[in-house]
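The values are calculated or read from the model by the stated rules, or taken from the named source; none is laboratory data. For clarity, every value in this text was computed on a predicted model and none was experimentally measured. Here the Cβ is made from the backbone with ideal geometry for all residues, glycine too, and neighbour counts use every protein chain on show.
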Amino acid sequence: MKKIFSILVLMALLTSCWEVPEDIQADKVDFFVETLSGKQAGETIILEKTWQVRSWQDISLSSNASGRVAEVYVKTGDSVNAGQVLAVLEDSIWSYWINLQRSWIWVERAKINYESTQLTLDKSVFDAEMNLDTLERNLIALKIDSQQNLLLAKDNLDNSQYGNLDSSSALKLESLDNSIEKSKLDYEIKVSSDEQSVEWYKATIKKEFSWLLTTLIDVQEFADSLLWITNTNKNDNDDFENFLGVQDKNQKRSSELSLQVLIDYREASKFEEMSILAKKQDITEPEMIEVIDYIDDWYDKVLDLLNKLEVTVNNSLQSVWNLDQTQITGFISSINWYQASTQWAYGAYISVWTNIKSFLNTYKSSQASILKSIELQEKDRDIQYKILTSWELSASTGYERTLISTQDNIADLESRVESAKKNLENAEKNRDITLRSLQNSISDAQVNYSSSAKEYWKLTIRSPINGTIGNVLLDQWQEISTWTPSFEIVSDSSPEVEISFSKWERDLLTENVEVEISVQWEVYVWNIYAVSEIADDNLNYRATIVFDSWVNIIGNLVNIKVPVNTGKMLLPLNILEIQWEGIALVKTLSWSTFADVRIRLWEVFGEYAEIISCAENCEDLNIITSDVSNYDENKFTIIEK
């Protein structure tokens, strides 16, 4: 009766625990892409404006940029046309060309940061996938081992009843030996994996040290260009030294001390020692802890300097000729950019810092735990051998023990598999969110580059209207600043109307564009003669339409329809991959595959760029406007929306 009961228990356990998974090859899923035909790009937009016609006799024209007057092309009494170049400035004050190049470097740096972070995040996802795969394989192996262990225990129980221990004892001991060898193999795998992790953390520390060194150099040079405490920049900006931070000299002194601390910190022997340790191939674990703590302290000093420097600049006195509000705003924008980039890098570093310390503090204990488990298994083998040679009660106890242990081990490993699945899901979500954020940083840098390009072209002063030069207020080689009066121009005709445009409308607008003007029952077709480059108090840009003297409509309200069309293809900036100045790549859909086509850029209008030529016929392109960065040809089938 006891033997029948045992057989029934074994059959029930095997039915509930033994599952053989099947590999299922998933079909490809649809990958939808949005496209835009080249023939559809660059459609004309009609803007409608209502304004009153007034009479203006002359205008005063001011410069839109700061610099030295290189050439003056007109003199008093000269007739000029709208758009004619009146004077050209040298880039001697604000370094517009340098700012243009620097903004391009920021675009490239944002792309490099995106690619570097993508590699790190992809590795995290890959590690999570490998961990899940290992646990699932271990679960399968555990169920197989558990089945065999139960069979051996049952056979041992049966044999103990009849006193036949020869063959069953040998099989049981062989099973235990296999389990011990498997545990030893797991230990060797664990040791190898830990060694690889240590090497990866060494490389991570080296990369973090290099990144922080670059940040330190940038911040130190920028701060020194304002505070001038080193011989390198001591006399570069004496013209506004007495205005910078003068409202709180103690705060300014505190900023200088923070900068000196950062310089001394870098020049100290400790810096050289940490630099050598970060690059050291055989760096020890205590040395790794020492380096990451040193980097953490370094970040604190950089952020402290930037915070104090921002307060110092805000405490400056404005001076039209030495330190105007535009300069102060430019300094604050640069400081805020350094603060944001440093704080972002510091946040990423804290995560690395936590992982390294946690790993170094636990991985050896994990290895020791596996060794202890092997030791216990070997002891269990000795105990099991004695049980197999003892009486029926000992065999029955061994069977019950194996049954309970099997259930606990399977339940524990199944729990670890579920945890690994959640870890993989979190790693994938974190990768997607982080990469989207970095893509936004690239877009911001590209917008900043477009803004710098527009600032550079402000060095050319053009006539906004047709008229006569009434007075030339500039001399060649004269240093001028933004808003400096430059020319007085007398209008050729009296009736004029001004139209206000928002920034995005101004970006699409061209001078001399033909517009339709409706007043009462009359309709005129006229051209816009001048468009302001400077926003008014309402952040709008004014454009002027000048009528002939015979058009007697002064004082009337007119309705104006303005077509805005560059005459060339317009594409969104966020779908372009900038290669170098004026050149970009755009992804196209051709025969169900993605292809990069090189295009040449001209102007940037807000979120759009003007295309002047393509490596292929522009109108034949099928341009992709959606994000395809996650596309994998092994997983997806392209579907055009």
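The table below lists the values:
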read-out	value
Unique residue being closer than 30 Å to TYR363 by Cα and either surrounded by fewer than 16 Cβ atoms within 10 Å (Cβ to Cβ) or not aliphatic (A, V, I, L, M) (or both) when the list is GLU290, GLU267	GLU290
Of all residues making up region 124-143, the number that are among the basic types (Lys, Arg) and at pLDDT 85 or above	1
Of all residues making up region 580-594, the number that are within 24 Å of the chain's Cα centre (by Cα), closer than 18 Å to ILE624 by Cβ and surrounded by fewer than 18 Cβ atoms within 10 Å (Cβ to Cβ)	2
Candidate set from region 121-137 (those that are touching a Lys or Arg at 6+ places or on another chain (Cβ under 9 Å) and under 30 Å from SER443 (Cα atoms)); member that is surrounded by the most Cβ atoms within 10 Å (Cβ to Cβ)	LEU121
Extreme residue, farthest from GLN260 (Cα to Cα), among residues of region 279-307 that are assigned to a helix (DSSP H, G or I) and among the basic types (Lys, Arg)	LYS279
Flag if PHE359 is aromatic (Phe, Trp, Tyr), part of a helix (DSSP H, G or I) and modelled with pLDDT under 75	yes
Residue in region 537-548 that is of a type in the set (Val, Ile, Thr), farther than 30 Å from ASP627 by Cβ, free of Cβ contacts under 8 Å to residues at least 24 places away in the same chain and not in a loop (DSSP other than H, G, I, E, B) present	no
Residue count, region 575-598 (criterion: farther than 20 Å from ILE112 by Cα and without any contact (Cβ under 8 Å) to a residue 24 or more places away in the chain)	3
Enumeration of residues in region 504-544 that are charged (D, E, K, R) and modelled with pLDDT under 80	GLU505, ARG506, ASP507, GLU511, ASP537
Any hit, region 1-11, residues being in a loop (DSSP other than H, G, I, E, B) and at pLDDT 80 or above	no
Members of region 308-325 found to be in a helix (DSSP H, G or I) and loosely packed, with under 14 Cβ neighbours inside 10 Å, listed by number	GLN325
Options THR460, THR468, THR406: the member that is modelled with pLDDT of 80 or more, more than 25 Å from ALA348 (Cα to Cα) and in contact with a Ser or Thr (Cβ under 6 Å, 6 or more places away or on another chain)	THR406
Those residues of region 394-453 which are among the charged types (D, E, K, R) and under 30 Å from ASN574 (Cα atoms), in sequence order	GLU425, GLU428, LYS429, ARG431, ASP432, ARG436, ASP444
Every residue from region 40-96 that is at pLDDT below 80, touching a Leu at 6+ places or on another chain (Cβ under 9 Å) and at negative phi	ALA41, GLU43, ILE45, LEU47, TRP51, GLN52, VAL53, ASP91, TYR96
Boolean, SER351 is among the small types (Gly, Ala, Ser), closer than 30 Å to ILE480 by Cβ, exposed (fewer than 14 other Cβ atoms within 10 Å of the Cβ) and free of Cβ contacts under 8 Å to residues at least 12 places away in the same chain	no
